[in-house]
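Novice: Dropping the structure in here first, questions after.
Just so it is clear, none of the values below were taken in a lab; they were calculated from the coordinates. Model, not experiment: these values are computed from the prediction. Don't worry about glycine lacking a Cβ; one is built from the backbone with ideal geometry, like all the others, and counts go over all protein chains shown.
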């Protein structure tokens, strides 16, 4: 195997990390070794996603473990806001990092927790608003330390304190075209405290030879609101866990997902809307458009324990099949213990409306352009749910650019 316990110790030693972080890495490594590789024949979460062809021994950390993002935002931040690399945050505000360093859960999250390098850290103090979006961009990476293909382990930690407000974007761009394959294992942990607000966007445009695994988890306090946008446009095989934990009364979580695939891309989203307090609200809308032999999978769980009385949850998943070989699955799941709640879901999978296409073509619009307009219109209701105009427009542009590369015919 390309990764060993010694690799973990080297990562920690290279950064002169404190003992608590070294121990956390080693505990995560032990979990990684203990947890078996996901099996589509055995594991329900992976039943529709087969990674039996993934050989972890074929990958190695990039040169010097490099996976540093480009951090961008306003030149001047409000007083008390911290925005820098996670490595620097370990030195500058270790208590915050240590408090929110999650234990490993799952094979790839454990691997990330053991070997993460590069990543972003944001802290917004109480009652402070960051007016302009902050962004971490992961682009092409250097080669691996050996002939092995590169492995990337970005990690993001966001803490928005009481009454604070922030918009943050994680952008996972294409990797180097010089490699045959890349492993990308990313993790984002979000803490939004009482009365705070966060708009978070994850835009995944990895190269189609990339195995991309990610977890985005938000823990939301009383009367706080989180808007999450997950756009999956790239990657050869992508598997994402998107989890919102509504931990206090009055919490609101809104999740918007957009998937656009072609060729043999495979995109799998597992979502969790977990209501742990009364009077909480969550809404999820996932839109997928798939072409070629590609596949989009959505499995969403709404969990309502007895503490979640008088809460509302909604799921909607809709897929548009753009070729006869494309596939889409939508599996909503409800786990309801509370007896005074409202939980609903809706789903639909269909093809392009031929009457719509004929109408456009009869007015002189070429078939390819007609289909592009129909797909654009299909995504528009999801785009309109994105609360920040700048993020809405950037996501719209990313979809348009991706549509321009989709193969037709």
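Rundown of residues vs (1) free of Cβ contacts under 8 Å to residues at least 60 places away in the same chain; (2) crowded, with 24+ Cβ neighbours inside 10 Å; (3) under 21 Å from residue 392 (Cα atoms), yes/no style:
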{"site": "152", "(1), (2), (3)": "no, yes, no"}
{"site": "172", "(1), (2), (3)": "no, yes, yes"}
{"site": "183", "(1), (2), (3)": "no, yes, no"}
{"site": "203", "(1), (2), (3)": "no, no, yes"}
{"site": "225", "(1), (2), (3)": "yes, no, yes"}
{"site": "238", "(1), (2), (3)": "yes, yes, no"}
{"site": "243", "(1), (2), (3)": "yes, no, no"}
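Yes or no, residue by residue, for (1) in contact with a helix residue (DSSP H, G or I) (Cβ under 8 Å, 6 or more places away or on another chain); (2) within 24 Å of residue 398 (Cα to Cα):
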residue: 321; (1), (2): no, yes
residue: 325; (1), (2): no, no
residue: 332; (1), (2): no, no
residue: 344; (1), (2): no, no
residue: 366; (1), (2): no, yes
residue: 376; (1), (2): yes, yes
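Novice: So, in region 370-393, of the ones that are free of Cβ contacts under 8 Å to residues at least 24 places away in the same chain and within 19 Å of residue 204 (Cβ to Cβ), which residue ends up surrounded by the most Cβ atoms within 10 Å (Cβ to Cβ)?
Specialist: Filtering first and then ranking leaves 392.
Novice: Here is a follow-up. If you go through region 101-127 one residue at a time, how many are in contact with a helix residue (DSSP H, G or I) (Cβ under 8 Å, 6 or more places away or on another chain) and assigned to a strand (DSSP E or B)?
Specialist: 4
Novice: Let me ask you something else. Hey, could you check region 27-64 for residues that are over 20 Å from residue 215 (Cβ atoms) and touching a helix residue (DSSP H, G or I) at 6+ places or on another chain (Cβ under 9 Å) and say which is surrounded by the fewest Cβ atoms within 10 Å (Cβ to Cβ)?
Specialist: 64
Novice: Counting only residues that are part of a loop (DSSP other than H, G, I, E, B), surrounded by 12 or more Cβ atoms within 10 Å (Cβ to Cβ) and touching a residue at least 24 places away in the same chain (Cβ under 8 Å), how many does region 338-358 have?
Specialist: Looking only at that region, the number is 3.
Novice: Now, a different point. Name the residues in region 28-81 that are touching a residue at least 60 places away in the same chain (Cβ under 8 Å), farther than 26 Å from residue 4 by Cα and in a helix (DSSP H, G or I), would you?
Specialist: 45
Novice: If I filter region 12-26 for residues that are free of Cβ contacts under 8 Å to residues at least 24 places away in the same chain, touching a helix residue (DSSP H, G or I) at 6+ places or on another chain (Cβ under 6 Å) and not in a helix (DSSP H, G or I), do I get at least one hit?
Specialist: No, because not a single residue in region 12-26 is free of Cβ contacts under 8 Å to residues at least 24 places away in the same chain, touching a helix residue (DSSP H, G or I) at 6+ places or on another chain (Cβ under 6 Å) and not in a helix (DSSP H, G or I).
Novice: Condition first: in contact (Cβ under 8 Å) with a residue 60 or more places away in the chain and surrounded by fewer than 19 Cβ atoms within 10 Å (Cβ to Cβ). Now tell me which residues in region 286-309 satisfy that.
Specialist: Hit for region 286-309 is 292, nothing else.
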